[in-house]
Amino acid sequence: MEDSKKSKRALKVLVLRWGHRPQRDARLTTHVALTARALGASGIILSDVEDKKIKETVEKVSNDWGRLFFFEMGRPWKTIVKNWKAKGRITVHLTAYGENIQTSDVLQRIKKTGKDILILVGSQKVPKEFFSKTFSDFNVAIGNQPHSECASLAVFLDRLFEGKALEKTFENARLKIIPQKRGKKIVKKPIFHKEI
Ligand code: SAM
């Protein structure tokens, strides 16, 4: 397919969060999910474990602030990745050890595929297999310093969508923030039905 045709289709991007420890990572995993939602991903998969509280929190945010956001949990990460790739879609593993997003052409190569993307982020140290071709089509570093899954996801999504996710109004919102120089202004339903 020509590049021009590929770029017309909106990319579907999901995030796989690996290694969630319910006691320890609840807050950070919630932030990963909210970052994914706010910066343009279509949903998040919490692999290998279940954490109903996080699901509820994320659903509540989507109910109030709009946007249908997919949430799945519990399936083993290898099964999720294999099924995803079996349908001709790609995976991008975010890791400090990968190709630097700023100094390499990795983002161009990812965009050129025109394919839907499953972004893999860890929490604790990920198994070696994450780096292999079997599971990750691209290993991408948001700079080659270790930092955070939340920060790396935000930068990656922002660059992938070229900042456009930040302009969007979310459909079916009950609440909407009206930006102010100072103070807070929120308006309530039934004003917003369409994602622009
Ligand atoms: N000690 C862990 C290790 O060696 O993998 C650090 C894990 S880090 C706290 C959690 C996740 O953040 C990583 O699995 C990766 O997805 C993401 N991450 C951290 N720094 C990153 C970077 N510079 N670029 C891309 N992703 C990064």
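Just name the residue that is modelled with the lowest pLDDT out of those in segment 60-72 that are among the charged types (D, E, K, R) and open to solvent by less than 80 Å² (accessible area, probe 1.4 Å). My answer is 67. Every test in (1) under 9 Å from residue 93 (Cα atoms); (2) of a type outside the set (D, E, K, R); (3) not in a strand (DSSP E or B) is passed by residue 147 save one, and that test is (1). Within segment 111-126, being open to solvent by less than 40 Å² (accessible area, probe 1.4 Å), assigned to a loop (DSSP other than H, G, I, E, B) and within 16 Å of residue 17 (Cα to Cα) holds for 122, 123, 126. Of all the residues in segment 127-175, those that are of a type in the set (Ser, Thr, Tyr), surrounded by fewer than 18 Cβ atoms within 10 Å (Cβ to Cβ) and within 16 Å of the ligand (Cβ to nearest atom) number 2. Selection of segment 150-174 for residues being modelled with pLDDT of 95 or more and of a type in the set (A, V, I, L, M) yields 151, 153, 154, 155, 157, 160, 165, 166. Tallying residues that are touching a residue at least 40 places away in the same chain (Cβ under 8 Å) and in a loop (DSSP other than H, G, I, E, B) within segment 127-139 yields 3.
Contact map, segment 60-75: first residue more than 17 Å from residue 168 (Cβ to Cβ), second residue β-branched (Val, Ile, Thr) and open to solvent by 30 Å² or more (accessible area, probe 1.4 Å), Cβ cut-off under 8 Å, separation 6 or more or different chains; pairs are 73/49; 74/49.
Of the numbered criteria (1) out of contact with any helix residue (DSSP H, G or I) (no Cβ under 9 Å at 6 or more places or on another chain); (2) more than 19 Å from residue 67 (Cα to Cα), the one residue 122 fails is (1).
The values are calculated or read from the model by the stated rules, or taken from the named source; none is laboratory data. Because the structure is a prediction, the values reported are computed rather than measured. In this analysis, Cβ positions are derived from the backbone assuming ideal geometry, glycine residues included, and neighbour counts consider all displayed protein chains. These area figures cover heavy atoms from the full protein model, side chains too; ligands, DNA and RNA do not enter into them. Shrake-Rupley method; radii C 1.70, N 1.55, O 1.52, S 1.80 Å.
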